[in-house]
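Structure first, commentary second.
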Amino acid sequence: MFNQIFESLQNGNDVRGAAIAVEHEKRTLTPDIAGFIAAGFLVFLSEKLGKSPAQLRIGIGRDSRLTGEDLLAGASIGLGEATVYDCGMISTPAMFQSTVLKGSDFDASVMITASHLPFHRNGMKFFTKDGGLEHDELTVVLQKAAAIADQFGTATEDGLVKAVQPYTHVGRRESFDLLSLYAENLCSIIKEKVQSADREQPLKGLHIVVDAGNGAAGFFADRILRKLGADTSGSVFLEPDGTFPNHIPNPENAAAMDAVKSAVLQAKADLGVIFDCDGDRGAVVFSDGTEVNRNTLIALLAAIAKDDAPHSVIVTDSVTSDELTAFLEDSLEMQHLRFKRGYKNVIDKAIELNKAGIDCPLAIETSGHGAFRENYFSDDGAYLSVMIICRLALMRAQGKELSALIADLKQPAEAIEKRYSIADVPDYKAYSRTVLDSFQAYAEKEPLFHIVTPNYEGIRVSFDDADAKGWVLMRASLHDPVIPVNIESCGKGGCARILDRIQPFIDRFGLRVQ
């Protein structure tokens, strides 16, 4: 009866919904619904691990969103007979780490977050010791949630569902200081990697500013950097505030990057670090204000990974630049596997390669979701920052600059993205496939179009002639009724010329920019 309510909340391998009704969006995620979803996860977990609910130990945490406490309370009820550890406000990576760190070692964990999305939205992420749930696993969880709601819920006036009778026997509940455990683990990693003569303050002499975007990762400044001797003066927006009054907590957002860049330059800092709301993504800014995100961040982390894994494979998403490929393969002598969009796709591919005996130390998406093999392939903005900061400390001790690691990286002259809406099409996924098949046929007939292979997502076409040197990628959005088109050019004006070349195809299908 309530299947559609729960199905509509699935976004890849996460739950996402509107937890506050706003003018353009009605409420779709309530504490009762979060409780039913958590109850579905409990059943799924019990079956997966072969343990009774009462034998399970499950951690739960939240980011700084306004609805976080209420949704956490609802989800805690849904976890029923399990022993539930309330970890309070914390980052998403810490919640995954709670399943593997000594001192917690939970069977599973739940994170209440919607990452960088607007303040009125919220969601849920689920972890076991194997990592985040896969798409199909979350589908099963939501199906179980709907079945529980059918039995113990009733429809509300706004078309949702609420619990009308108890559906769980509540087990033990207690607070758990996971943040201290997680922060201390990162401090230990820094001490080990830097190997400073001053073991307790290996970052002494470094000035690093942090922009937490009023999310959950503000602890990084005090509990890690300052504790290890770094000067963090000039850091901004460390205080949690679920209205996000200063900028969107998103390293891909131009205003967010401008904010941390300004903080670095004003403080005359050695480095700036920025996180998204729940701390699973990050980016940095060099002392001269150079923004290190997207392709540049991938290049920097690959250069760091190279020391322990020379000639290895770096897995990225599909929209990375040709210049990045040239840097990875020519300058670093590594291999670049450009895979699909979606951080879980990228991470899963890296895990698959390693299982096949192929050396792959890093999986990273241009969004800033990056995961190292040595860190359980957990996408962790704090861990990425730690890797960069450790290398900064080592290079400064040698009188070198961090930027030297990516001195050979070139950038495209231009880059644009167009997003064409197909929301008015009944079956937009099938329609997307039709569009892409037709675009491939179109490209095959055009003499200046060179289809790139191998290619794992959409149709990528390169251009290398007198008028245009660059590429275009047309693909289907992972979750939305949209066909994104990414274009990069080696020269000024090239993106417009490439767009002109595909415009007849776009007009043929009547595609309109979202």
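A few comments on the model shown:
- Farthest toward positive dipole pole in the chain [+1 Lys/Arg, -1 Asp/Glu at C-beta], among LEU328, ALA382, LEU473: ALA382
- Under the shape rule built on the C-alpha gyration tensor, where the axes satisfy a ≥ b ≥ c, the chain is oblate, since a/c reaches at least 1.5 while a/b does not exceed b/c.
- Relative contact order of the chain: 11 percent, from C-alpha pairs under 8 Å at least 6 residues apart in sequence.
- Of the GluC sites (Glu not before Pro) in the stretch 169-277, those whose Cβ has at most 16 other Cβ within 10 Å and which sit in DSSP loop: GLU200, GLU252
- The phi torsions of the stretch 224-238, fed into the Karplus equation with coefficients 6.51, -1.76 and 1.60 and a -60° offset, translate into couplings of 10, 5, 5, 4, 9, x, 6, 7, 10, 4, x, 5, 9, 6, 7 Hz, rounded to whole numbers, with Gly and Pro shown as x.
- For CYS490, distant residues with modelled amide H under 5 Å away: ALA413, LYS469, GLY470
- Which of PRO447, ILE189, ILE422, positive extreme of dipole for the chain (C-beta unit charges): ILE189
- Cα centroid separation, the stretch 41-70 to the stretch 254-324: 33 Å.
- For the peptides 426-438, 359-371, 124-136, residues were scored by their other Cβ atoms within 10 Å and the scores averaged per peptide; the highest-first order is 359-371, 124-136, 426-438.
- Near the amide H of ALA283, within less than 5 Å, lie the amide hydrogens of ILE274, all on another chain or at least 5 residues away, with H placed in the peptide plane.
- Anisotropy class of the stretch 151-280 from Cα gyration tensor, a/c 1.5 cut: oblate
- Accessible-area composition of the stretch 137-261, carbon plus sulfur, in percent [1.4 Å probe]: 49
- The chain, helix-only ellipticity at 222 nm - DSSP H runs n ≥ 4, -39,500 (n - 2.57), divided by all residues, nearest 500: -10500 deg cm²/dmol
- If the chain linking GLN151 and ILE358 were pulled fully straight, counting 0.36 nm for each residue of separation and taking away their Cα-Cα distance, it would gain 69.7 nm.
- Accessible area (Å², per residue) of the chain, counting only protein heavy atoms and a probe of 1.4 Å: 41
- Remark: spin-label model distance GLU25-LEU66 equals 1.3 nm, labels positioned 7 Å along the Cα→Cβ axis.
- A simple spin-label model places the labels of GLN143 and ASN185 3.2 nm from each other, with each point 7 Å out along Cα-to-Cβ.
- Whole-Hz couplings from phi, Karplus 6.51/-1.76/1.60, listed for the stretch 152-163; x for Gly and Pro: 10, x, 9, 6, 9, 5, 8, x, 10, 9, 10, 6
- Amide H contacts for SER104 (H built 1.01 Å from N in the peptide plane; partners 5 or more residues away or on another chain; cut-off under 5 Å): none found.
- Sequence-ordered 3J(HN,Hα) estimates for the stretch 80-96 from the Karplus curve with 6.51, -1.76 and 1.60 and θ = phi - 60° stand at x, 6, 4, 7, 10, 10, 7, 8, x, 7, 6, 8, 4, x, 5, 5, 5 Hz, glycine and proline given as x.
- Coil-residue GluC sites (Glu not before Pro) of the stretch 1-39, DSSP, other Cβ within 10 Å capped at 11: GLU23
- Structure note, pairs LYS125/LYS204; LYS204/LYS400; LYS102/LYS125; LYS418/LYS445; LYS51/LYS144: Cα-Cα distances above 28 angstrom occur for LYS125/LYS204.
- Distance (nanometres) between label positions extended 7 Å along Cα→Cβ at GLU192 and ASP258: 4.2
- A Förster radius of 45 Å, combined with the Cβ-Cβ distance separating VAL164 from ASP130, puts the computed FRET efficiency at roughly 0.80.
- For LYS349, the lysines whose Cα falls under 17 Å of its own Cα, not counting residues fewer than eight places away in the same chain, are LYS340.
- Excluding same-chain neighbours fewer than eight residues apart, the aspartates and glutamates reachable from LYS162 by a Cα-Cα span under 17 Å are GLU7, ASP32, ASP70, ASP150.
The values are calculated or read from the model by the stated rules, or taken from the named source; none is laboratory data. These figures come from a predicted structure and were not determined experimentally. Cβ coordinates were reconstructed from backbone atoms using ideal geometry, including for glycine residues, and neighbour counts include every protein chain displayed. For the accessible areas, the whole protein counts, side chains as well, though only heavy atoms, and no ligand, DNA or RNA atoms are used. Shrake-Rupley method; radii C 1.70, N 1.55, O 1.52, S 1.80 Å.
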